[in-house]
Amino acid sequence: MPAPSHPMKIKMLSGFEGPELSVQAGQIVDIFSKKEAQRLIKEGHAVAVSEDSPAALKAELERARAAVAEVETLRAQLEEANARIAVLEAAPTPAAGGGTAVSETTAEAPAEETR
């Protein structure tokens, strides 16, 4: 059994899509085996991209920017959730049957009726 081929980074010159894959012209991908990538290059559907080419570096920069944006979004959501938790923790606890619970140590005893 031959060893699996590692992916090869290529820049697509034409786009195509199928039930499990969609690529656009200009997109840099590393999802194809070396053999398949070389076939796409030979047929004129893609060009090879070296790891340090401007196109590869630009693609890596775009992926990094997208990752940073995702982290910033998650950070904002976490801050909002923590603020809501703080508000809920500071709110009075509802008593059974409605109203607000009052601790027994601070509640005043009801006045006794005199007859």
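The values are calculated or read from the model by the stated rules, or taken from the named source; none is laboratory data. In this text, all values refer to a predicted model and were calculated from it rather than measured experimentally. Heads up, the Cβs are rebuilt from the backbone with ideal geometry, glycines too, and the neighbour counts pull from every protein chain shown. In case anyone asks, the SASA skips ligands and DNA or RNA and just uses the protein heavy atoms, side chains included. Shrake-Rupley method; radii C 1.70, N 1.55, O 1.52, S 1.80 Å.
Here Ala56 meets the list (1) in a loop (DSSP other than H, G, I, E, B); (2) surrounded by 13 or more Cβ atoms within 10 Å (Cβ to Cβ); (3) touching a Ser or Thr at 6+ places or on another chain (Cβ under 7 Å) almost entirely, failing just condition (1). Between Glu51, Glu89, Glu108, the distinction of being modelled with pLDDT under 80, exposed (fewer than 10 other Cβ atoms within 10 Å of the Cβ) and over 30 Å from Phe16 (Cα atoms) belongs to Glu108 only. Looking only at region 24-69, residues that are under 21 Å from the mean Cα position of the chain (by Cα) and of a type outside the set (D, E, K, R) come to 11 in all. For region 24-49, the set of residues classified as assigned to a loop (DSSP other than H, G, I, E, B) and either touching a Gly at 6+ places or on another chain (Cβ under 6 Å) or in contact (Cβ under 8 Å) with a residue 24 or more places away in the chain (or both) consists of Gln24, Ala25, Ile31, Phe32, Gly44, His45, Val49, listed by residue number.
Screening Lys42 on (1) modelled with pLDDT under 90; (2) basic (Lys, Arg); (3) open to solvent by 90 Å² or more (accessible area, probe 1.4 Å) shows it passes everything except condition (1).
Return a yes/no flag: does region 17-34 have any residue that is modelled with pLDDT under 90, small (Gly, Ala, Ser) and surrounded by 13 or more Cβ atoms within 10 Å (Cβ to Cβ). Checked against the condition, which is being modelled with pLDDT under 90, small (Gly, Ala, Ser) and surrounded by 13 or more Cβ atoms within 10 Å (Cβ to Cβ), region 17-34 yields no hits at all. I need the full set of residues from region 13-23 which are within 22 Å of the chain's Cα centre (by Cα) and assigned to a loop (DSSP other than H, G, I, E, B), in order please. Hits for region 13-23 are Glu20, Leu21.
Leu78 meets all of the listed conditions (1) surrounded by 10 or more Cβ atoms within 10 Å (Cβ to Cβ); (2) at pLDDT below 90 but one, namely (2). So, in region 50-71, exactly how many residues are more than 15 Å from Met12 (Cα to Cα) and either in contact with a helix residue (DSSP H, G or I) (Cβ under 6 Å, 6 or more places away or on another chain) or touching a residue at least 40 places away in the same chain (Cβ under 8 Å) (or both)? Counting residues in region 50-71 that are more than 15 Å from Met12 (Cα to Cα) and either in contact with a helix residue (DSSP H, G or I) (Cβ under 6 Å, 6 or more places away or on another chain) or touching a residue at least 40 places away in the same chain (Cβ under 8 Å) (or both) gives 1.
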